[in-house]
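The values are calculated or read from the model by the stated rules, or taken from the named source; none is laboratory data. This is a predicted model, so every value here is computed, not measured. Positions of Cβ are generated from backbone atoms using ideal geometry, with glycine treated the same way; all protein chains shown enter the neighbour counts. What goes into the accessible areas is simple: the full protein's heavy atoms, side chains included, and nothing from ligands, DNA or RNA. Shrake-Rupley method; radii C 1.70, N 1.55, O 1.52, S 1.80 Å.
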Amino acid sequence: QVQLVESGGGLVQAGGSLRLSCAASGRTSSPYHMGWFRQAPGKEREFVATISGGGGTTRYADSMKGRFTISRDNAKNTVYLQMNSLKPEDTAVYYCAASRVIGLNSRAYDYWGQGTQVTVSS
């Protein structure tokens, strides 16, 4: 079992930045591929970014490329999502997830955190 806890969400003005963190605990001896997803009210959960276990491969949703950066520190069992140039449409609950296979589909992920709210005001 892997437990994931997100932090770093909050209220920010459009154009601002936030850095989300996701701390993993439990069976983390072999690094999982990690992903960030988000879900806005009334919308389906959508893929944001993913990073391989070793950190050498990353993928982003098209709308986040150039604004968001996913990274990880395996020594700290933590994954980050740096979000810059935030827009009101980025408002959502952001979730981190862990998987044994790297992918963009939420069904590939086995473990999920509780989420952290990000609100971007205009």
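Couple of notes before you dig in:
- Of all residues in the range 83-102, those that are in contact with a Lys or Arg (Cβ under 9 Å, 6 or more places away or on another chain) and under 18 Å from Tyr32 (Cα atoms) total 2.
- Residue within the range 20-30 that is exposed (fewer than 15 other Cβ atoms within 10 Å of the Cβ) and within 12 Å of the chain's Cα centre (by Cα) present: no
- Scanning the range 1-13 for residues that are surrounded by 14 or more Cβ atoms within 10 Å (Cβ to Cβ) and in a loop (DSSP other than H, G, I, E, B) yields Gly8, Gly9.
- Residue in the range 31-59 that is farthest from Asn105 (Cα to Cα), counting only those that are of a type in the set (D, E, K, R) and exposed (fewer than 14 other Cβ atoms within 10 Å of the Cβ): Lys43
- Qualifying residue in the range 54-64 (condition: closer than 16 Å to Gly113 by Cβ and not aromatic (Phe, Trp, Tyr)): no
- Boolean, Val120 is closer than 19 Å to Met34 by Cβ, touching an Asp or Glu at 6+ places or on another chain (Cβ under 9 Å) and open to solvent by less than 30 Å² (accessible area, probe 1.4 Å): no
- Residues that are part of a strand (DSSP E or B) and without any contact (Cβ under 8 Å) to a residue 60 or more places away in the chain within the range 64-82 comprise Phe68, Thr69, Ile70, Ser71, Arg72, Asp73, Thr78, Val79, listed in sequence order.
- Scope the range 36-63; condition in a loop (DSSP other than H, G, I, E, B) and more than 17 Å from Leu4 (Cα to Cα); matching residues: Ala40, Pro41, Gly42, Lys43, Glu44, Arg45, Gly54, Gly55, Gly56, Thr57, Ala61
- Residue within the range 91-102 that is under 14 Å from the mean Cα position of the chain (by Cα), on the phi > 0 side of the Ramachandran plot and open to solvent by 10 Å² or more (accessible area, probe 1.4 Å) present: no
So that you can scan it fast, the table gives a plain yes or no per residue for (1) at pLDDT 95 or above; (2) touching a helix residue (DSSP H, G or I) at 6+ places or on another chain (Cβ under 6 Å); (3) of a type in the set (Ser, Thr, Tyr):
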position: Glu46; (1), (2), (3): yes, no, no
position: Gly54; (1), (2), (3): no, no, no
position: Met64; (1), (2), (3): no, no, no
position: Arg72; (1), (2), (3): yes, no, no
position: Gln82; (1), (2), (3): yes, no, no
position: Ser85; (1), (2), (3): yes, no, yes
position: Pro88; (1), (2), (3): yes, no, no
position: Thr91; (1), (2), (3): yes, no, yes
position: Ile102; (1), (2), (3): no, no, no
